[in-house]
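Everything below concerns the one structure shown next.
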Amino acid sequence: MLPIIYHSIYSELPLPPQHRYPISKYKRLHQAVNEQMNQELESGCIQLIESTALTVDEVKKVHCSDYIDLLTSGQLAEAKMRRIGFPWSEQLIRRTLTSAGGTVATAELAIEHGFAIHLSGGYHHAHFDFGSGFCLINDLALAAFKALEHPDVDKVLIIDSDVHHGDGTATLCQNMPDVVTLSFHCGKNFPARKPDSDIDIDLNREVGDQEFLTTFKSVVETAINLHQPDLVIYDAGVDIHIDDELGYLNVSTDGIYQRDYWLLNHCLNRHLPVGCVVGGGYRTDHQDLVEPHMQLIRAAAKVLSERCTQNIAL
Ligand SMILES: [Zn+2]
């Protein structure tokens, strides 16, 4: 069974017109899953699960207590809110806590079921005591931290394939020896300052399918062999796509499918659970993001059906 985690609040955030953040992509993606995966949903192979919000205390296990208090009470300095890129509202806080709860649940469901997909998440620019680039709290670090409480999990590998560097995850996880961070990103892109992840792969602008996939596969394989994680948290960002408005790579829609299929298959062959988040993707027409993001769902459905046919336990 493939759990897909979602909440309607992900797309419920009033933003100024022309705002860069593709707020409606989550409900569009959820709708596409319902329409295109109806057989799998009816048979119970895929199950949609509603996420629940983290508490402030849960968030403070990873983030600075003062930052979270100021953020959640709407008292964060204006300049710090500008760095985040969203106007403050109670709805923004509810949405953020629910999305973080979704990624935490996704990691837990992955441990139970082999894999799980969150139709949100990947807020990797959130640091210990500040947010940036549309990221308030770091769901990836929170999910990794929480997963380590599970008796079967001694080490977590975060694989971040969003086109932007996972700077917040890198700094937050520096003090977590049992969390290994791996970031694939375009070297000449936001954020300008890229603190060290455990493994950083700076890709040149214009890198296409072949070079991307060869690098991705060999680095992921090496990282898994070297660190022997018990759980992978995977940010399947689609801003690596050639048509993305904030990425500078030239990966095609099929290239995204190949990346996601290979990663899921590779991990599940090793009985290594994978919790996936959809990560970034930026287009003026939000509907254009549905097809790139659906590649992860299709890849997971394919892996699932192959395993059902071959009677392989997930
Ligand atoms: Zn991104």
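The values are calculated or read from the model by the stated rules, or taken from the named source; none is laboratory data. This is a predicted model, so every value here is computed, not measured. Glycine gets a Cβ as well: all are built from the backbone with ideal geometry, and neighbour counts include every protein chain shown.
The table that follows gives values for the structure above.
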quantity	calculated
Flag if ASP160 is acidic (Asp, Glu) and touching a Gly at 6+ places or on another chain (Cβ under 9 Å)	yes
Residues that are surrounded by fewer than 17 Cβ atoms within 10 Å (Cβ to Cβ), touching a strand residue (DSSP E or B) at 6+ places or on another chain (Cβ under 9 Å) and under 25 Å from LEU136 (Cα atoms), drawn from the range 1-26	SER8
Count of residues meeting criterion [assigned to a helix (DSSP H, G or I) and either over 26 Å from ALA170 (Cβ atoms) or of a type outside the set (D, E, K, R) (or both)] in the range 42-93	19
Test: residue in the range 191-212 that is within 14 Å of the ligand (Cβ to nearest atom) and closer than 17 Å to CYS276 by Cα	no
Selection from the range 136-156 of residues that are under 16 Å from the mean Cα position of the chain (by Cα) and under 28 Å from GLY114 (Cβ atoms)	ILE137, ASN138, ASP139, LEU140, ALA141, LEU142, ALA143, ALA144, PHE145, LYS146, ALA147, VAL156
Matching residues in the range 175-197 - criterion: being assigned to a loop (DSSP other than H, G, I, E, B) and in contact (Cβ under 8 Å) with a residue 12 or more places away in the chain	MET176, ASP178, GLY187, LYS188, ASN189, PHE190, PRO191, ARG193, LYS194, PRO195, ASP196, SER197
Qualifying residue in the range 142-159 (condition: within 13 Å of the ligand (Cβ to nearest atom) and either at pLDDT 95 or above or within 25 Å of ARG259 (Cα to Cα) (or both))	no
Index of the failed condition, SER8 passing every other in (1) in contact (Cβ under 8 Å) with a residue 12 or more places away in the chain; (2) of a type in the set (Gly, Ala, Ser); (3) more than 19 Å from GLY101 (Cα to Cα)	(3)
Among (1) over 24 Å from ARG193 (Cα atoms); (2) among the hydroxyl-bearing types (Ser, Thr, Tyr); (3) not in a helix (DSSP H, G or I), the one test that THR96 misses	(3)
Some residue of the range 112-130 being within 16 Å of the ligand (Cβ to nearest atom), on the phi < 0 side of the Ramachandran plot, of a type in the set (Phe, Trp, Tyr) and without any contact (Cβ under 8 Å) to a residue 60 or more places away in the chain	yes
Among the candidates VAL163, VAL219, residue that is within 16 Å of the ligand (Cβ to nearest atom), out of contact with any Ser or Thr (no Cβ under 6 Å at 6 or more places or on another chain) and aliphatic (A, V, I, L, M)	VAL163
